[in-house]
Amino acid sequence: MLIRYFEDNGYRVHAVSNGSAMRAELAKATYAAVFLDLVLPNGENGLELLRELRNTSDVPVLMLTGQDDVTDKVVGLEVGADDYIAKPFHLRELLARLRTVLRRRASTTLPSRAFAHEEESLVFDGWRLDLARRRLTAPSGGDVPLTTGEFDMLLVFVRNAGRVLSRETLMDQTRNRNLEAFDRAIDAQIVRLRKKIEVDPKAPALIQSVRGVGYVFTGQLSRP
């Protein structure tokens with residue numbers, strides 16, 4: 001049903017039934033997004049596959065589940081899901097959610113014309129954030145892999161350097177739509193981001209907590 005519906009709306013779709021088939025398919029082809037069920041045959045867990053996927057890819061992932069449980073939803077977002085959709089759902093809603101995720105990816109992958117020249121890359125404290133390639137380069141020159149959510153989060157911070165951002169603002173700007181802000185999901189993502197860009201993640205100098213409010217990015221921006 002899902003394959004037929006999305007193909008009727010102009011998408012090319014390939015379906016697989018387990019984690020092994022998913023790995024094989026992603027190894028030989030590039031996909032714009034992945035729908036991943038939480039419960040899979042033979043006891044496989046969609047969240048475990050998502051964790052595995054996030055170690056090697058930043059492809060947008062939309063979780064599908066028959067469990068409308070807040071805990072599952074928070075965990076899915078913490079692990080790196082771009083959206084989380086409980087069954088039963090309307091096909092039109094699923095299509096709209098996919099289009100939202102793809103628009104969000106396009107908006108951060110391709111800067112708007114107004115910023116295209118000056119924001120091909122952003123530099124702070126020796127780090128370089130390449131918007132076109134969605135790549136983060138460390139002061140040492142090495143590439144630091146970021147998930148979709150981590151890249152979007154860092155981009156929001158850098159563009160709002162010095163401004164205190166609430167968790168609600170971060171959720172809204174990184175997902176481009178109003179959602180209930182799950183504090184744990186935002187906090188967990190920032191913990192992961194700190195591990196990648198801070199000299200000492202336990203005493204962060206770039207992304208600092210503001211008690212009772214949110215977070216502030218204190219990096220010093222410079223010209224590319």
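Computed from the coordinates by the stated procedures, all read-outs in this text should not be read as laboratory data. These numbers were taken from a predicted model, which means no experiment stands behind them. Every residue, glycine as well, gets a Cβ built from its backbone with ideal geometry; the counts of neighbours run over all protein chains shown.
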- Compare the peptides 194-201, 150-157, 86-93 by average per-residue count of other Cβ atoms within 10 angstrom and give them in order, highest first. 150-157, 194-201, 86-93
- Task: Could you list Thr100, Thr174 in order of exposure, starting from the residue whose Cβ has the fewest other Cβ atoms within 10 Å?
- Result: Thr100, Thr174
- Message: So if I take the centroid of the Cα atoms in the range 124-144 and the same for the range 19-39, what is the distance between those two points in Å?
- Response: 27 Å
- Message: Report D for the range 2-109 in µm² per second (integer): Stokes-Einstein, Kirkwood Rh on Cα pairs, 10 °C, 1.306 mPa s.
- Response: 110 µm²/s
- Item | Computed E for Arg103/Met1 - FRET, C-beta separation, R0 25 angstrom, nearest 0.05 | 0.55
- Task: Write down the Kirkwood hydrodynamic radius of the range 113-222, to one decimal in angstroms, obtained as one divided by the mean of 1/r over all alpha carbon pairs.
- Result: 14.3 Å
- How much mean residue ellipticity at 222 nm does the chain get from its helices, if each DSSP H run of length 4 or more adds -39500 (n - 2.57) and you divide by all residues, to the nearest 500 deg cm²/dmol? -12500 deg cm²/dmol
- How much space per residue, in cubic angstrom, does the convex hull of the C-alpha atoms of the range 1-56 take up? 85 Å³
- Message: Compute for the chain: radius of gyration divided by Kirkwood radius, i.e. Rg/Rh, restricted to C-alpha atoms, rounded to two decimals.
- Response: 0.97
